[in-house]
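The values are calculated or read from the model by the stated rules, or taken from the named source; none is laboratory data. Here the structure is a predicted model, which means the values were calculated and not measured. In this analysis, Cβ positions are derived from the backbone assuming ideal geometry, glycine residues included, and neighbour counts consider all displayed protein chains. What goes into the accessible areas is simple: the full protein's heavy atoms, side chains included, and nothing from ligands, DNA or RNA. Shrake-Rupley method; radii C 1.70, N 1.55, O 1.52, S 1.80 Å.
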Amino acid sequence: MSDQLIFAIEVILNGLMAGVLYALVALGFVLIYKASGIFNYAQGVMALFAAMTLVGIMNGQVPFAHLINAIFGGHITHFGWNIPALLAIILTMGVMVLLAWAVQQFVMRHLVGQEPIILFMATIGLAYFLEGVADLMWGSEIKTLDVGLPQGLNVWIDDTTYGIFGYGFFIDNLDIVATVIAALLVAALVAFSQYTKQGRAMRAVADDHQAALSVGISLNFIWVLVWSVAGFVALVAGIMWGTKSGVQFSLSLIALKALPVLMLGGFTSIPGAIVGGLIIGVGEKLFEFAIGPMVGGATENWFAYVLALIFLVFRPQGLFGEKIIERV
Amino acid sequence: MFYREAGDFKTSYQADSQTFPIKFDRYRYYVVLAIAFGIIPFVINDYWANALLLPFLIYAIAAIGLNILVGYCGQVSLGTGGFMAVGAYACYKLMTAFPEVSMFIHVILAGGITAAVGVLFGLPSLRIKGFYLAVATLAAQFFLVWLFNRVPWFYNYSASGQINAPERDTFGIIITGPNAPAWATYLFCLIFLTACALIARNLTRGTMGRTWMAIRDMDIAAEIIGVNPLKAKMTAFAVSSFFIGISGALFFALYLGAVEVGEAFGIQKSFLVLFMVIIGGLGSIFGSFAGAAFLVLLPVVLKVVGADMLGWPTDIVAHLQLVIVGGLIIVFLIMEPHGLAQLWRVAKEKLRLWPFPH
């Protein structure tokens, strides 16, 4: 096999792994959009918020330490204890549920029945708000997150491929773990929405709000539930991205990367989010590999959007989206 | 007491359909214009011009432009930063290629070039609607910023990758570069803002504005009653991008002077202008002014109160600003989805009856 082809295969594999991470973020969008028709721009910031909270809890940081110091003087920083990763993850999940409740109670409840675009704007406001709160709570410096996930070159794949092609593929252990976790997460979500009472209620709300209300499903509860599940997905995505590239502001920008994934897959489809993520991941890595050097590189910044744009012109509802029917 | 129609008789159609039909309102408008053109240029200094007035004037132009697209035509765009960058780089290329031509011409041409780019990126709006379109305009945002970053021709092969505004004049008065007097840059922007507001106001209440609003309210119904969606959407994109291009050119040449594209015209700028439009009021020219003033003032006030008076570290003030802006947007959307412009309208109604409300 020629070198170029082997390189290309490696690029495709890495693209698939990156795509899984995009899909993880996109999943959170799809869940909320299906259940409440809200396009939640804050999903990326939720991932950032979750990751920062996790790091903060693990290191025993005092929340709002900077603010307290600024107002009252003093130099509080840490409680002086460290919390094991698993317990910290559970605590963070508690915070995300609380957040979901607060969002529903103070924001979304008051906006029921508004136009979708107003709801979208509200989530942009929420994104800014959360980002500010996260920075105030835990400080804005870059943090490292280590919950014990394996990282670095996977030696087994390197050795095996070296034996076959005479060239070792570089694949990060973390990406493999992320793929497995993403698969588990999707399976869990599907099982949850198919086989549990709350999951069925969630699907009912997604189908028809009024019909769901009329058979006695509490919309308020379901929306809190959906935001909590989205918060959980954000936490998982935050852990993955945070471990990969540190917990910092750019984490919230992956929300923007998830948008073309959604457009490709369709806003309403969970498989769509996965397939879209894989297509975008592979597409942008291959494009950067093949065309990037000719046009100055860094094409990953825009390739996904342009691909989605061109694709949408031919199929406006995305790959798996519900057919858009318009009536006057 | 105020805003009373009593005794204010109209004897011609022209008088009846003017922008400010109530006498009090009209005089207020003349007074504002007189102060803006006649008094401020004589008392202005560099701090006021750079901290408040220039950003306000320039963002107001951008907000009017985006309001035409989002508020009047209903096409959500997140590509404002990219289009401002087109205006800035077009202006830069024109300034360096034709140094002797007046800046007025350059800025208007930059607006025209941006309009062409805007139409190009607006074409998909015929197929893509709603959120999908909002995300599609992100393609414009990221692609344009990347283009200006990576193709050296756009920044004249300068080593830093930045563009710097050379010294240019109009009617013999220097208005760009470090030696430009504050009053000249202020007046230059003010003239453009006044012209843009007048054009926008008259476009939006004419045939063109009505077709835009028909498309916004329900595009299929509009098509059935004979509105050409191609024409309506493309004109909205063109006019909107024209204004945004002008504001981008002014932002670069008069306000910043030196620009690094990713920093000055990134996605944050798109959101900032969008927030101005939402907080000010969708579908209102006055709202664009109010929103721009609000979001230009807010950081300055917070900085004065937080950092100067209370002595807090600047990073905390910056984070608080995020919280406050985000919170305000949510509060506004809950309390008054139509923004400051609607508050103003309500206040006016109250003032008409004051002090005898019954």
Open item on the list: Every residue in the range A:122-151 that is facing another protein chain (nearest Cβ under 9 Å), over 20 Å from the mean Cα position of the chain (by Cα) and in a helix (DSSP H, G or I), please.
Closed with: A:L136
Open item on the list: Just checking, does the range A:241-256 include any residue being over 22 Å from A:N14 (Cα atoms), touching a strand residue (DSSP E or B) at 6+ places or on another chain (Cβ under 9 Å) and not in a helix (DSSP H, G or I)?
Closed with: yes
- [ ] Look through the range A:291-301, keep the residues that are farther than 22 Å from A:L264 by Cα and open to solvent by 50 Å² or more (accessible area, probe 1.4 Å), and return whichever of them is nearest to the other protein chains (Cβ to nearest Cβ).
- [x] A:V295
Open item on the list: Could you tell me how many of the residues in the range A:59-78 are under 30 Å from A:V229 (Cβ atoms) and either open to solvent by 30 Å² or more (accessible area, probe 1.4 Å) or among the polar types (S, T, N, Q) (or both)?
Closed with: 4
Open item on the list: Which condition from (1) more than 30 Å from B:P166 (Cβ to Cβ); (2) at pLDDT 90 or above; (3) within 14 Å of chain A (Cβ to nearest Cβ) is the one that B:I329 breaks?
Closed with: (2)
- [ ] Scan the range A:235-279 for residues that are within 12 Å of another protein chain (Cβ to nearest Cβ), open to solvent by 20 Å² or more (accessible area, probe 1.4 Å) and under 15 Å from A:M17 (Cα atoms) and jot them down.
- [x] A:K257
Task: Some residue of the range A:124-139 being under 20 Å from A:L235 (Cα atoms) and at pLDDT below 80 - done: yes
- [ ] From the list A:A88, A:A26, A:A100, pick out the single residue that is within 14 Å of chain B (Cβ to nearest Cβ), open to solvent by less than 40 Å² (accessible area, probe 1.4 Å) and of a type in the set (G, A, S).
- [x] A:A26
Open item on the list: I'd like the full set of residues that are closer than 26 Å to A:A35 by Cβ and not in a helix (DSSP H, G or I), limited to the range A:267-320.
Closed with: A:F267, A:T268, A:S269, A:R315, A:P316, A:Q317, A:G318, A:L319, A:F320
Task: Residues being modelled with pLDDT under 80 and either more than 9 Å from chain B (Cβ to nearest Cβ) or open to solvent by 90 Å² or more (accessible area, probe 1.4 Å) (or both) - total across the range A:302-320 - done: 3
Task: Breaking point among (1) open to solvent by less than 40 Å² (accessible area, probe 1.4 Å); (2) more than 9 Å from every other protein chain (Cβ to nearest Cβ); (3) touching a residue at least 24 places away in the same chain (Cβ under 8 Å), for B:R352 - done: (1)
Task: helices (runs of 4 or more DSSP H) contained entirely in the range A:1-119, each with at least 2 residues that are farther than 30 Å from B:M218 by Cα, over 16 Å from the mean Cα position of the chain (by Cα) and acidic (D, E) - done: A:3-36
Open item on the list: What's the number of the only condition in (1) within 13 Å of chain A (Cβ to nearest Cβ); (2) not in a helix (DSSP H, G or I) that B:G71 fails to meet?
Closed with: (2)
Task: Positions within the range B:299-348 being touching a residue at least 24 places away in the same chain (Cβ under 8 Å), assigned to a helix (DSSP H, G or I) and either open to solvent by less than 40 Å² (accessible area, probe 1.4 Å) or farther than 30 Å from A:M137 by Cβ (or both), in sequence order - done: B:V300, B:V325, B:I329, B:F332, B:L333, B:G339, B:L340, B:A341, B:Q342, B:W344, B:K348
